[in-house]
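Taking it in order: structure first as structure tokens, then the write-up.
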Protein chains: 4
Amino acid sequence: MAKQEASLPTKAEKSRNLILHSAAKLFREQGFSATTLRQIAAAARIEAGSIYYYFDSKEAILDEILDRGLRHVFESVKAAVKGAGQATYRRRIELAIEAHLVALLESSDFTSANIRIYGQLQEHLKKPHRPLRRAYARYWDKLFLDARKAGEIRADIEIEPLRIFVIGALNWTVEWFRLDSKDDVLKLARRTQLMVFDGIKK
Amino acid sequence: MAKQEASLPTKAEKSRNLILHSAAKLFREQGFSATTLRQIAAAARIEAGSIYYYFDSKEAILDEILDRGLRHVFESVKAAVKGAGQATYRRRIELAIEAHLVALLESSDFTSANIRIYGQLQEHLKKPHRPLRRAYARYWDKLFLDARKAGEIRADIEIEPLRIFVIGALNWTVEWFRLDSKDDVLKLARRTQLMVFDGIKK
Amino acid sequence: MAKQEASLPTKAEKSRNLILHSAAKLFREQGFSATTLRQIAAAARIEAGSIYYYFDSKEAILDEILDRGLRHVFESVKAAVKGAGQATYRRRIELAIEAHLVALLESSDFTSANIRIYGQLQEHLKKPHRPLRRAYARYWDKLFLDARKAGEIRADIEIEPLRIFVIGALNWTVEWFRLDSKDDVLKLARRTQLMVFDGIKK
Amino acid sequence: MAKQEASLPTKAEKSRNLILHSAAKLFREQGFSATTLRQIAAAARIEAGSIYYYFDSKEAILDEILDRGLRHVFESVKAAVKGAGQATYRRRIELAIEAHLVALLESSDFTSANIRIYGQLQEHLKKPHRPLRRAYARYWDKLFLDARKAGEIRADIEIEPLRIFVIGALNWTVEWFRLDSKDDVLKLARRTQLMVFDGIKK
DNA sequence: CATGAATGAGCCTTCATTCAT
DNA sequence: GATGAATGAAGGCTCATTCAT
């Protein structure tokens, strides 16, 4: 009962995590409502009924996946930016772009599931996650705002549309990107950084 | 499929179209499998059973929506580019961006439904639409390729990643953009064109 | 769509009623939660899913059964008493006893189901039916009160315990009485009337 | 089943009893099939799985409750009558009525659970308890028969319907009576005795 | 053309039960 | 003695689909 500190994951914790990972993968691939609990159970190699030992409902699974997914990108990006110390703002934003892409395409299925299915969920499923989503948006806004104040990006650019444009381009990768090697994501990141900052014109 | 030679739409054709539009809106909002035939029927103000007079199955409705949606953007973009005559390639691409956005966000729900749900569909539902999707991708590639040959965009940019980046940024708008007025879409288009060509750096 | 006056029951109305009667019988025999929709469907010779064409839920079926059941006894008793005209109060109460028993044991399964299962239902299922139950209790109370005022029953008898005693003795019959012929119920009624008024002592 | 010779109850016996009491209360309130083993376990402050250390199945719990419940009224009534010595038959029956009511409404939940749920159980669950039920009925029949022979109750009254009427009125109290104080049950008993013997007429 | 009625497969969920620890 | 973890059968309910009218 007492929570052990940094102890090995118990059997139960492993089962719980296996369910979450299986569900996240399926949600990302097929969407929330097209995914059945039997599919999740099969992927986790248990019976459908057993899922209810760990979760109250299909929605409870979704809830935890959405939360973990967003928290994961957010923390990755914050860590990357923090790690940049006093680099230029361009550099910081470049690192944020890379971190966002890595979290989305490599780390786990939580983030990609979140990005992919959130928009089509019913209102009551989205609601609890809105505060964190807003916080993440504000974090990027601050990054761009600081860069503009520092004169590193054009003064006539509005922050919000910019953020939407950039994150949109990043998020869309989830629709087509298939993981082959870490290099691929980094290469994709580099290209994206360049495109965002310098555009495509000669 | 529908027989017609510019005659007035019959009552049957009107019902058919109403079903398609109702379905497209719901598919875009909730996804394919979360949308029920009864919801579609209610939105079209008929009974669920009546849908089968016009369509063989739910999948048949989807099929037509996907097809119309993609055809619609594709034709809009081609028309816009053709209308530009011998303008610069930058101008042509700018018009393509605008046309894509207008088709996606304004014209109807077919295109937005297509963009939004395609990725999560089962393989057998995607398959028939792949040829057209590829053709559309090649059309953009040609646009960018010509621009590069003409020296209007940087020589070191690879075409495919560029196309993915641009269309991705455009498509993601479907996740957040809510139509208020035509101006908004055009403003969005102008900003996007600028960002794509000139980037954000000072 | 327009309600026809006293028209023949439509096919749909017949199905609906068949479901209700099948359910009432099973509820009375086994209780509410031990009865499955599949059992009800089988008894009504349809498929379980078809029940939902007529009812929103199992609870909706219960609701209508409870309502019909209580309404039925109530109206039977009122009609019987009214039919007695200006008879003595003893006579009126005797007729009420008979009417209650006939409704409970003969007329249909709605009343017996109601009497038998009400007490074990969850609070939220009972609640909507409380007003009518109270009204029925008050009706009996008035009957006894008038009889006491008229000096036909002993002055020292408290009305509420009396009503509870009498209705209790009547209702308990549902636990053991099995219908053979109309005579049986009437014989039972006569015995009960006698016992209630004259007691058993010599 | 439990081995014991007036020794103190072991821990195991206490657990077993706690399970039985918890179950009886829930069965009485909600019925047998609406009560889950997890509810019983929670009420007994153990885990659901642990119940199987003491009982083979949910039905085994029911079985013991039914048995204890009936045995308890039966013995109470016998003891009360026996304690009356050579009193009049009216007095003996009055004491039996009181004892039945006290057992039903006060002593424990076993008897009330039995009375309330027995009628809706499946045949195979009722069967083992029928002999004892019949014996209890015969016991009352004998009481009334003796009273009639002794000329204390009217000669024209048939014994079986009388017993059914009286026990029915007593048992129905379980549907509405809520325990407040011992006096209440005794008051209820006195009223019932009076009503049974003298009826309500002036 | 359109619907009302019904189907049956399958969904999420519950629950008595099992068993290794 | 007792539990945590898991099972699998079944329950209420939904939904695409069918078809006589």
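So how tilted is helix C:89-102 from the main axis of chain C? Cα-based, degrees 0 to 90, rounded to 10.
Approximately 30 degrees, to the nearest 10.
Near the amide H of B:I153, under 5 Å away, which other amide H atoms are found, from residues 5 or more places off or on another chain, if H is placed in the peptide plane?
A:K202, B:R148
Would you give the gap between the C-alpha center of segment D:135-149 and the C-alpha center of segment C:47-106, rounded to a whole Å?
With segment D:135-149 and segment C:47-106 each reduced to a Cα centre, they are spaced 35 Å.
In Å², rounded to the nearest 100, what is the total accessible surface buried by chains C and D against each other with a 1.4 Å probe? Walk me through the numbers before you get to the answer.
Numbers: alone 12290 and 12190 Å², together 20630 Å².
Roughly 3900 Å².
Hey, got the average number of other protein chain Cβ atoms within 10 angstrom for residues in B:158-168?
Details: counts 1, 0, 0, 5, 3, 0, 9, 10, 3, 4, 11.
Mean shielding by partner chains, rounded to a whole number: 4.
Determine the dipole magnitude for segment C:51-202: charges of +1 sit on the beta-carbon of Lys and Arg, -1 on that of Asp and Glu, nothing else is charged, the reference point is the Cα centre, and the result goes in debye to the nearest 20. Show your work: numbers first, answer last.
Details: 27 positive and 22 negative charges, 118 e Å.
Dipole size: approximately 560 debye.
Which chain C residue comes nearest the axis with its C-beta when you rotate C onto A, and by how many angstrom?
Spelled out, residue of C and its Cβ distance from the axis onto A: C:S57, 9.
For the protein assembly as shown, which semi-axes, largest first and in whole Å, follow from the square roots of 5 times the eigenvalues of its Cα gyration tensor?
Values: eigenvalues 1201, 226, 86 Å².
For the protein assembly as shown, the ellipsoid semi-axes come out as 77, 34, 21 Å.
Which of C:D156, C:D180, C:D109 ends up with the largest GNM mean-square fluctuation for chain C, with Cα atoms connected below 10 Å?
C:D156
Within 10 Å, count the other beta carbons around each residue, average over each peptide in D:68-75, A:168-175, and list them highest first.
Details: D:68-75: 19.2, A:168-175: 22.2.
Sorting D:68-75, A:168-175 by mean packing, highest first, produces A:168-175, D:68-75.
Name the residues of segment B:7-33 whose accessible area, probed at 1.4 Å, falls by at least 30 Å² once all protein chains are in place instead of their chain on its own?
Residues shielded by partner chains are B:S33.
Residue by residue through segment A:164-173, what is 3J(HN,Hα) from phi via Karplus (6.51 cos²θ - 1.76 cosθ + 1.60, θ = phi - 60°)? Round to whole Hz and write x for glycine and proline.
Per residue, the Karplus-derived 3J(HN,Hα) values read 4, 4, 5, 5, x, 4, 5, 5, 4, 4 Hz.
Above 21 angstrom, tally the Cα pairs of chain A and express them as a % of all pairs, no decimals. Could you put the intermediate results ahead of the total?
Values: 11739 of 20301 pairs.
Roughly 58 percent, rounded to a whole number.
Taking a point 7 Å out from Cα toward Cβ as the label site, list the nm distances between C:P9 and the same residue in every other copy, smallest first.
4.5, 5.3, 5.9
If the elastic network links every pair of Cα atoms under 10 Å, which of A:K25, A:K78, A:K142 fluctuates the most in the Gaussian network model of chain A?
Comparing A:K25, A:K78, A:K142 in a Gaussian network model of chain A, the most mobile one is A:K142.
For chain A, what is the mean residue ellipticity at 222 nm derived from helices alone (per DSSP H run of n ≥ 4: -39500 (n - 2.57); sum divided by total residues; nearest 500 deg cm²/dmol)? Could you put the intermediate results ahead of the total?
Working: 10 runs with 135 residues, N = 202.
Taking each H run of at least 4 residues, the total per residue is -21500 deg cm²/dmol.
Any idea what angle helix D:11-30 forms with the longest principal axis of chain D, computed on alpha-carbon atoms, 0 to 90 degrees, nearest 10?
Taking Cα atoms only, the helix is inclined about 60 degrees.
Taking the 0 to 90 degree range and rounding to the nearest ten, how far is the long axis of helix D:130-149 tilted relative to the main principal axis of chain D, both from C-alpha atoms?
20
One decimal, nm, shortest first: give the distances between the label point of B:K142 and those of the same position in the other copies, each label point 7 Å from Cα along Cα→Cβ.
Ordered by distance, the counterparts are at 4.9, 8.9, 10.7 nm.
Per-residue Cβ counts within 10 Å, from other chains only, averaged over D:142-154: what number is that? Numbers along the way, then the final one.
Values: counts 0, 0, 1, 0, 0, 3, 2, 0, 1, 1, 3, 4, 7.
Going residue by residue through D:142-154 and averaging, the value is 2.
Identify which of A:A41, A:A23, A:A87 has the largest mean-square fluctuation in a Gaussian network model of chain A, with springs joining Cα atoms closer than 10 Å.
It is A:A87.
Where the accessible area of segment B:63-198 is counted over protein heavy atoms with a 1.4 Å probe, how much of it, in %, is carbon and sulfur?
On the way: 3040 of 6020 Å².
Heavy-atom surface of segment B:63-198 belonging to carbon and sulfur, 1.4 Å probe: 50 percent.
Ordered by packing density, taken as the mean number of other Cβ atoms within 10 Å over each peptide's residues, highest first, how do B:28-34, A:79-85 rank?
On the way: B:28-34: 21.3, A:79-85: 13.7.
Listed from highest to lowest mean packing, they are B:28-34, A:79-85.
For segment D:65-198, what is the accessible area per residue in Å², given a 1.4 Å probe and the full set of protein chains? Mind showing how you got there, number by number?
Working: 5930 Å² over 134 residues.
Dividing the accessible area of segment D:65-198 by its residue count gives 44 Å².
Dipole of segment C:102-174 (Lys/Arg Cβ +1, Asp/Glu Cβ -1, origin at the Cα centre): which of C:G168, C:Y118, C:L105 lies farthest to the positive side?
Looking along the dipole axis, the top candidate is C:Y118.
Between D:T10 and A:K11, how many nm apart are label points set 7 Å from Cα along the C-beta direction?
So the label points at D:T10 and A:K11 sit 2.8 nm apart.
Suppose a student asked you for the relative contact order of segment B:63-198, using Cα pairs under 8 Å spaced at least 6 residues apart; what percent would you report? Intermediate results must be reported in sequence, preceding the final value.
Details: 112 pairs, mean separation 44.4, N = 136.
Relative contact order, segment B:63-198: 33 percent.
About its Cα centre, what dipole magnitude does the protein assembly as shown give when the only charges are +1 on Lys and Arg Cβ and -1 on Asp and Glu Cβ, stated in debye to the nearest 20? Please report the intermediate quantities before stating the final value.
Working: 140 positive and 104 negative charges, 108 e Å.
Computed charge dipole of the protein assembly as shown: roughly 520 debye.
The values are calculated or read from the model by the stated rules, or taken from the named source; none is laboratory data. All values derive from a computational prediction rather than experimental measurement. So basically every Cβ, Gly included, is an ideal-geometry build from the backbone, and we count neighbours across all protein chains shown. Protein only, heavy atoms only, side chains kept; ligands, DNA and RNA dropped before computing areas. Shrake-Rupley method; radii C 1.70, N 1.55, O 1.52, S 1.80 Å.
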